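The values are calculated or read from the model by the stated rules, or taken from the named source; none is laboratory data. Quick caveat: nothing in here was measured; it's all calculated off a predicted structure. Cβ placement follows ideal geometry from the backbone for every residue including glycine, while neighbour counts extend to all protein chains displayed.
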């Protein structure tokens, strides 16, 4: 099984909203705790190490892109 | 301290009077009379080899040190004739419990099924194990154990190694065809061959205290994260023989070892843990650990085994047990090479199999250590999430890592013949044999591991009968289950554990690992599998 990056929710806004609302009213520290638990719960639900690794790679690629952009902006 | 401190006298050996062209030649010199060197020497001697075993001290080391000996190690020691003595003295256990704060998160059983000769683990102070091994050495004429003999120089030659050895009477020299370095984590032989020993050092410090007390705790391994008596850190409690309890407390990385080790500073910590202070100290030690291994376990005619070749953190009982697995892996190979029944290339499989096992042990113990002592805020956060999820979810419990205990490695090795038939279970090639209860000719109960010893601890065909016995290549031992004169598998456990049908046969190596298996073996395929497993190709 490969990581699915197609849009899987009938209403993606609802999913995004659910996650946003879970964080409402939390401090950054509490939010980070929540995310850590959420990642572990969802990772276990997926239960496929290849998919997990692909997801990690995708998430990390966003971070690299972001830091490259930042560097370019600083150089300009 | 009431330790069994066994001292051994230095005795001058005639080799010490020989010099120049007249110096003694030996086939095998084992350096280091710890559990690994002693076990290796015994195995080799039982196979008919003469072994010179050198140790720079004159007594068995102090402190309990290694305490958990695995089922696999006990099965090896059974083959060396000392398993029962170890088990009789040791504390048998198979259950571990993990606590977080005051609450039990979960428990595990390392050997939940019946029908094995040996338990998952025994706890036994290393000095007892060494004392019993030394006794066994004394029964074997093939081993020449020389105390206070310290190797100070090593010169590799094409067909031997020249050793210089320091003794109370001064130095002497001897030649060895093979030198096996079992001289521990600070191996001087490793330095003499110029090998690197790089790896990861963990900054967190751990305090080990062996305390003597009578207590009603069960004989289980108890591990705490963040216990009320040792806030924010981990703790381990484990029973040893003689009413000795091993207590392991994580300290912070800046703790001063000299101060932390003082009994007056250790006492209040332990008293908080036990809720009383009616105990005496047997041994206190403070340590940091390292996970590392040599790139190559074989340097010409110098071969490294045990801690000299690899070091792990103690959580998981992977130090002494993996060293013993090195010994059982090397002994039969070295024996065959010296006899000329296998080419020298067979030894390379020792490095292939045991360095991969070392990598596995390092990986497992590093993960446990990182879980106990997280390296960053985010790692600590993830651990906190796992511990809290473990209270209500099965997957959370399984992620809690308070040490993954040693199990035998499965070797990906050139000695194995790949499965050609279809199997739904049973030990695959490269895995160690499984035990099962059977009955002998006269109905006497016994175990498969005992049948293996009776067949001579050599290449052995384990056959599930299908009419006439299979044709067994010359020199091969045979264990037959079912049929005329075969062992009786009345509970059907042997057949179940080996996924056996009539005719199924497993080719076992002399160390009890599976080399090949067949549904219906023929002479030619057995010959080929035997040649491959012997390093002949």
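Listed values, structure above:
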quantity	calculated
Selection count, the range B:361-381, where residues are surrounded by fewer than 20 Cβ atoms within 10 Å (Cβ to Cβ) and in contact with a helix residue (DSSP H, G or I) (Cβ under 9 Å, 6 or more places away or on another chain)	6
Only one of B:99, B:69 that is assigned to a strand (DSSP E or B), touching a helix residue (DSSP H, G or I) at 6+ places or on another chain (Cβ under 9 Å) and more than 16 Å from residue B:142 (Cα to Cα)	B:69
Failed condition for residue B:515, given (1) in contact with a strand residue (DSSP E or B) (Cβ under 9 Å, 6 or more places away or on another chain); (2) over 19 Å from residue B:441 (Cβ atoms); (3) free of Cβ contacts under 8 Å to residues at least 24 places away in the same chain	(3)
Criterion violated by residue B:105 - all others in (1) in contact with a strand residue (DSSP E or B) (Cβ under 6 Å, 6 or more places away or on another chain); (2) farther than 13 Å from residue B:134 by Cα; (3) part of a helix (DSSP H, G or I) satisfied	(3)
Count - residues of the range B:363-399 that are away from chain A (no Cβ under 11 Å), in contact with a strand residue (DSSP E or B) (Cβ under 8 Å, 6 or more places away or on another chain) and part of a helix (DSSP H, G or I)	5
Positions within the range A:5-41 being within 14 Å of another protein chain (Cβ to nearest Cβ) and closer than 22 Å to residue A:53 by Cα, in sequence order	A:32, A:33, A:34, A:35, A:36, A:37, A:38, A:39, A:40, A:41
Some residue of the range A:52-71 being surrounded by 11 or more Cβ atoms within 10 Å (Cβ to Cβ) and within 14 Å of chain B (Cβ to nearest Cβ)	yes
Sole exception among (1) in contact with a strand residue (DSSP E or B) (Cβ under 8 Å, 6 or more places away or on another chain); (2) at pLDDT 95 or above for residue B:209, by number	(2)
Condition met for residue A:18 (out of contact with any strand residue (DSSP E or B) (no Cβ under 7 Å at 6 or more places or on another chain), exposed (fewer than 10 other Cβ atoms within 10 Å of the Cβ) and without any contact (Cβ under 8 Å) to a residue 12 or more places away in the chain)	no
Hits in the range B:224-239 (condition: surrounded by 15 or more Cβ atoms within 10 Å (Cβ to Cβ) and more than 22 Å from the chain's Cα centre (by Cα))	B:224, B:225, B:226, B:227, B:229, B:230, B:233, B:234, B:235
Residue within the range B:63-79 that is closer than 28 Å to residue B:13 by Cβ, surrounded by fewer than 22 Cβ atoms within 10 Å (Cβ to Cβ) and in the same structural domain as residue B:172 (by TED's automatic domain parsing) present	no
Subset of the range B:460-491 [out of contact with any strand residue (DSSP E or B) (no Cβ under 7 Å at 6 or more places or on another chain) and closer than 20 Å to residue B:516 by Cα]	B:466, B:471, B:473, B:474, B:475
Checklist (1) over 28 Å from residue B:86 (Cα atoms); (2) outside any helix (DSSP H, G or I) applied to residue B:246, failing item	(1)
Options B:426, B:420: the member that is in contact with a strand residue (DSSP E or B) (Cβ under 8 Å, 6 or more places away or on another chain), away from chain A (no Cβ under 14 Å) and within 24 Å of residue B:120 (Cβ to Cβ)	B:426
Options B:307, B:280; residue that is touching a residue at least 12 places away in the same chain (Cβ under 8 Å) and surrounded by fewer than 16 Cβ atoms within 10 Å (Cβ to Cβ)	B:280
Subset of the range B:478-512 (residues that are free of Cβ contacts under 8 Å to residues at least 40 places away in the same chain and buried (at least 19 other Cβ atoms within 10 Å of the Cβ))	B:479, B:480
Members of the range B:186-198 found to be crowded, with 17+ Cβ neighbours inside 10 Å and in contact (Cβ under 8 Å) with a residue 40 or more places away in the chain, listed by number	B:187, B:189, B:190, B:192, B:193, B:195, B:197
Selection within the range B:102-125 - at pLDDT below 95 and in contact with a helix residue (DSSP H, G or I) (Cβ under 8 Å, 6 or more places away or on another chain)	B:105, B:106, B:111
